[in-house]
Every structure is written in structure tokens, then in C-alpha cells.
Amino acid sequence: MIEPANVFQGVDPFLASRFDALIEKFAKQHPGDDAKAIHDAFALALRMHHGQKRQSGEPYLIHPLEVAHILCDMTSDATCLVAGILHDAVEDTAVTLEELRKQFGDAVASCVDGVTKLSKLKFYDREERQAESVRKMLLAMVKDVRVVLIKLADRLHNMRTLAALPRERQERIAQETLEIYAPIAHRLGMGKVRAELEDLGFQYQDPEAFREIAEAIDSKRKANESLLGEIRTAVQTKLRREGIDARIEARLKRPYSIWQKLKRQKIGIDQVYDLLAVRIITDSVKNCYAALGTLHGEWHPIPGRIKDFIAIPRPNLYQSLHTSVIGPGGQPFEVQIRTEEMHRIAEEGIAAHWKYKEGQKGGVAHDEQQITWLRQLVEWQRELRDPGEFMATLKVDLFPEEVYAFTPKGRVIVLPRDATPIDFAYAIHTEVGNLCVGAKVNGRIVPLKYAIKNGDVVDVLTQQGHLPSKDWLSIVKTSKARNKIKAVINTTERAKAMEIGEKHLEREARRLGVQWKKITKDQVQAVAAEYGFPKMEDLHAALGYGKFSARQVLIKLAPEQVEAADRDAEPVAAPAPAPVRGDDKDLIIRVKGIDDVMVYRAKCCNPIRGEQIVGYITRGKGVAVHSLACTNVQNLLYEVERKIAVEWAKATEDSFAVKLTVSTDDRPGLLSQLTAVVFHEGSNIRALEAQPDDKRADGSAVINMVLDVRDKRQLERVVAAVRRISGVRDVERIQ
Ligand code: MN
């Protein structure tokens, strides 16, 4: 082992002095802690990064060393500093993870692994590599929060020294910082790191806009600073008079937050009048509210700008009171009021908890709320295989702007901006999301694509047995909702495909004269295995999706019979579409006097059993069956020779999907009464959605339903029963 004293021999004097400073800082923060591992890490890094230079021409080791300094400023532990010094060693030198594990232990090795990018060879393009590296880092972060501290410190130092890189790389790194790392810092409550990352990111992403804002701030600096001084004194005097002990910080707003405001409000820099911000840090929650009262008593508050994040903390545990008031000389300024403890958490976030936990549990903070958020994020993202989609949904989830909505019982649900009632429903519970058919916001029914606003009370309307629709995927904003909807759609589509595939196989077997009854489950199972499927059901699904033909399967099951069928077939016969025969249990309609003609129900009028029907011979698609009253078919039937008599086949248990629209007053309990009536008549609801009635502005609603009905009589009974419900204005069948 190299002795600490030897480490500095021949070392760049600047490096040596920065390392000394690091050890000194660490000793001050952790008196009595052993710094040997930090010395060893430095010695190893010196050896491994020897001769490497940064783009700026400095020795490479400056970077890991400064990263360790940033970590030390967060008062991180020795493990964290060691991993910080070695964070680029595996990626950029010949050191392996195994060697690090042997010399420094598991924690250091797994921290370094967490921030090491994936190898360039394994991935096709940069986008994919970036997505997979971020995913890997997120997974590692969940296991050990130190990974994120190291990654953010790494990014922060790279951003501080970004000037040395070529323009194109500056832009890319700045954008990634704004889109991924600053939001992660924000979600983990690390206000100080986030602010610096944002301002640096902005500076390199859009240098012109940055310069414009920086100059504007500068030109007003003198005037603003004297005003800030005036405000600070005034606030101080007023609080002291009320006996509130507080320290006041007065500052100009950051360039990035001004820029965000310009973009949001679509205004120019000269129109931004409140560049001033004041922070009041006091000793108790009681005094926070007292200070707010004092301010409002003195200066006029701007309506809509008062926010109580003490009563309702942000998801990242941020707490403060916010207000804006019209100050001296009509100059508005923003105020944040908080306690010392809240201030610490606002600045340091998860790093603050980290310190607190360190002494007790060996450092790994498992139960922090911020980590819960992270863990959920990782879980939702797990399914996303497409790197583009992964990054896109990650960015939405990291999007710092959020809205606060409430359940009727007052539970707070935090959602990204423009989230819909469907997102809200899934945020409550997966089951609530799946069963969601509509929503009331502040007591009124809204469309499912409604964008939830701050303070909305959202009441989700649910319906047993309801399933999410594909259309929802284009409306929802959260990846949780998106992934849950996709999961349900995949399972239902698969179930459908399995059913279709199984029927198709049986029908094809019958057509080819294969003795289906004699084929055992085991035989089919064996064929499934041949195709690489673990179960027979997978084979059915593949057939249903049309991945290969039933014939291919049947040749394997009964080769002689299929070949015999081929020999018997007339060479000129066109491949017959699966005919609907008299004995087929699928048959619901038949053409009078003929057995094997394709028939289908026309989509325009969707006739149901019991209605009078007429057949129309189409060109090449068999017989279309219309309701006799259908205007379409009346127009078509001038070609009399194409008309054909059809009748409902007997003794089948099929049902027909019928769309109904119910116009109704919006009253409590109506939905449940409606569904009760439908079930009572023996029908089944396939889909249901409640919407506001756009034509009226009186709070009335429209409910669209798809019902299964056996025949016309049952439909008439259902419609009559729905009409009898009080509040229902009309029921209409939609074609
Ligand atoms: Mn690095």
C-alpha cells in the first residue's frame, strides 16, 4: 500500500493542494473519521488517470477531485468521496469493478458502477446508449441514493467547466442537463444544485437568450438593489414590531426562472416587473403564518399568488409559504416564508435527510419519500423497451411543473401539468383507473380529456367490468396511466386473439377433414413447443394474430389427412372463405334455402335479432344483412336482382353490441341506477362514458354506452326501463 506521504511525489502542485483541502474539509465535517480510504482512492486515481488530460489541457484528475469537493460540500460520507474520486476510473481507465470491490468494498464498487455509462460497443446509437445509461443509473439510485449525489456532482462540475468543449457538445450536454439532471435534482428537493444546473444549462443551451436576460438584470441591478435594500429594511422593521424573529434574504431572480416566466407568459423581458424576491426565514411554523399576515397587512397581496406549501408540501417535501405583494413605489415582489429546517430541506433535499440518517443506519436512506417517488418511476419505466419512448416518458415524469388536485375526501393527488381525470384515477389506484368511465370536477361532469387544474376536486366515476380504451393512450400524461392501460389492452387483445385462433384452428380442421376430436391436447402442446411456445394458448394467440396459418399447424398434427384433402380439392377451386354452415354454432343469420354463403351484419344499421332484415349480395364479400328500415339498403336495392331473403337462425345464444346515448340531468346516483336497470334487464355493459352535454350549459350530461343485447325485444325493454329513471331526458340508439 502506498503511504499517504508518498502520494504527492511528483504530483501537480495544484492537484496536491486541492486534495489537501478536501482532506481538511472532510476532517472538519467528520471529526475522528478515518480518511485512509480517501487517500488510497486518490493514490489509485493518480496512477490510473496518469497522463490523461481534460479538453481544457488540465490534468484529468482535477475533475474527479472537484467532484469529491462538491460531494464534501454536501457533507457526504467517506464512501461517497471515495466513489467520487474513482467515479470515472472504470469508464476511462484499465481499472475493473472487481478491483475496486476488492480494495474499497461493495458500496464503493456499486456506486461507481451506477454512474458508469454502458459500453459504446453494445449499443447501436447514441440515443439508445443514453437511454440505457440513464435507466441503469435510475435503477442504481433506488438501491443507493449516493449514486445520484455522485452523478449530480459529476454533472455539476462538467457544467461549470463546459466552456472548454466544442459548441455542438455544449449544446447536447446542456440540453440533457435541463431535461434530465436538473429535474432529478428538483424531484429530490436539492434546490441549490438544481438552480446552478438550470442556470448553467440555460447559458449553454441558448446563449443569446441568456445574454439578453443577464444584461437586462444587470442594467436594472443598481435600481433593484437599492429597492431590495429598502424592502429588506421595511420587512425587518415590520416583523420586529410584531415580535417575529427572522432573517431576511433579498435577491434578484435567477436567469433561468425569468426565462421560464417569459416563455410561459409569452412576454418580453421589459414586461417582467417582478425581478425581486425576498426570503423570510423564521423559527417556527406559527411565525411563518404570522409573517405572512404582517406582510399582507402592510402591502397589498396579488390575488392568486398565495400558495401554502406548508400545509400541502410538494412531493419533494419542499415547504414554504409563497406570496407576491405590491411593495413600496408600486413595485411588486415575491416572498417565500419558511423555517430554518424547511430552508435546509429546500436547499439540500435528499442530501439533508442523508446527513440525518447517516449516524443511525450506516447511511442508506431507504424510506425517504423522494426515494419512493424514484422507485415508482423506475417500476413504471421497467416495461418500456423502446429507448425513445423511455426517454420521452421519463421527461414527462421529471417535468417540474405539477398540479395539485383533491379527491372528494381531501386527499392530495399531485400530477404533471395537463394531466387528465384518467391520470388522476390511475394515481389513486390501478383498479380505479381501469374502471373509470367519467369524472366530475368540482361537482360538474367533464370530458375525460379535461386538463386538471390546481385545486380541482376530482370525483372519478367508475363502472364495474369496464375496461380502458385504446384512445386513452393519446390523452393521458403520466407514464403510470399509460403503462397500466397498455397492459390491460395487451391482455384483452391477447385473450381475443387466443379465442379467434382456437376457433380458426377447429374450423380449418373441419374444412380439411381432419378428425379434430381425435387430436389430443398433448399433440397440440407438442406443436406449440415446436414453434417455441411454452403453452398451447400461446399457439392459439399466434394463430389469432395471424403470425402463421392454421394449415401449417394442421400439417404437423395430421399430415395424411391434410394431404388427402389437398388431393381431393379441385385444382380450379378458389380458396373458399370459411363458409358459415347450418350446423355451425357461430351462425346467427342465414340465407333462406342456401347453406354455405358468407353473411355478415351491415355496420350502417347493425341489425339485431328480432328486427326485420334483408340481404344484399355484395361483390365478393358475401351477403350483407341490413335492417329493413335502413336507408342505405333502400338506396342499394334498386338493383333488385341483388336482393336476397335472409332470416334469423334459431337456437343461438349470441348477443349484439348496441350503442345507446342517454341524455340526462346530472344528479347523484344516476349512473349506478342506470347500470342497475341495465343489469336487471339481463343485458351487459361493454363500455360506458359520461360527458358534459356540450349543447346545453345547464350541467346536464350525456352518457354513451355499448350494451350486449340478445334481440330487439330485450333492447326495447332496456330502453323503456332507462327512460323511466328520473332525470333521464332521452335515450337514443346510435347507428
Ligand atoms: Mn465524470
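Just a few scattered comments:
- Looking across region 158-174 at every residue that is within 13 Å of the ligand (Cβ to nearest atom) and farther than 14 Å from Glu58 by Cα, the one that is surrounded by the fewest Cβ atoms within 10 Å (Cβ to Cβ) is identified as Arg160.
- Here region 447-461 is the region considered, the condition is being farther than 24 Å from Lys307 by Cβ and aliphatic (A, V, I, L, M), and the residue that is nearest to the chain's Cα centre (by Cα) is Leu448.
- Matching entry among Val95, Val112, Val148 (being touching a residue at least 40 places away in the same chain (Cβ under 8 Å) and assigned to a helix (DSSP H, G or I)): Val148
- Pair list, Cβ under 9 Å, 6 or more apart: region 202-228 residue farther than 30 Å from Arg169 by Cβ, other residue of a type outside the set (Phe, Trp, Tyr) and in a helix (DSSP H, G or I): Asn224/Ile217; Leu227/Pro328; Leu227/Gly329
- The single condition from (1) on the phi > 0 side of the Ramachandran plot; (2) of a type outside the set (A, V, I, L, M); (3) within 16 Å of the ligand (Cβ to nearest atom) that Gly105 fails is (3).
- Qualifying positions in region 39-57 - of a type in the set (D, E, K, R) and either touching a residue at least 12 places away in the same chain (Cβ under 8 Å) or touching a His at 6+ places or on another chain (Cβ under 6 Å) (or both): Asp40, Arg54
Let's see how each residue does on (1) surrounded by 14 or more Cβ atoms within 10 Å (Cβ to Cβ); (2) of a type in the set (A, V, I, L, M, F, W, C); (3) without any contact (Cβ under 8 Å) to a residue 12 or more places away in the chain; (4) under 26 Å from Leu415 (Cβ atoms):
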residue	(1), (2), (3), (4)
Val446	yes, yes, no, yes
Ile500	yes, yes, no, no
Arg510	yes, no, yes, no
Gly513	no, no, no, no
Ile519	yes, yes, no, no
Glu530	no, no, no, no
His540	yes, no, no, no
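- Residue-level analysis places Ala140 among those that are within 16 Å of the ligand (Cβ to nearest atom), in contact with a Gly (Cβ under 8 Å, 6 or more places away or on another chain) and not in a loop (DSSP other than H, G, I, E, B).
- Single match in Glu179, Glu127 (criterion: under 23 Å from Lys395 (Cβ atoms), surrounded by fewer than 16 Cβ atoms within 10 Å (Cβ to Cβ) and either touching a residue at least 60 places away in the same chain (Cβ under 8 Å) or hydroxyl-bearing (Ser, Thr, Tyr) (or both)): Glu127
- The set of residues from region 45-96 being β-branched (Val, Ile, Thr), within 14 Å of the ligand (Cβ to nearest atom), within 34 Å of the chain's Cα centre (by Cα) and within 19 Å of Ala109 (Cα to Cα) comprises Val67, Val90.
- Test: residue in region 1-10 that is within 24 Å of Leu197 (Cβ to Cβ) and either β-branched (Val, Ile, Thr) or surrounded by fewer than 19 Cβ atoms within 10 Å (Cβ to Cβ) (or both): no
- Residue count for region 410-428, restricted to those that are in contact with an Asp or Glu (Cβ under 7 Å, 6 or more places away or on another chain) and either basic (Lys, Arg) or part of a helix (DSSP H, G or I) (or both): 1
Read-outs: derived from the displayed coordinates by stated rules, not from any lab. Keep in mind that this is a model prediction, so the values were computed, not measured. A quick note on method: Cβ atoms are made from the backbone with ideal geometry, for glycine too, and the neighbour counts reach across all protein chains shown.
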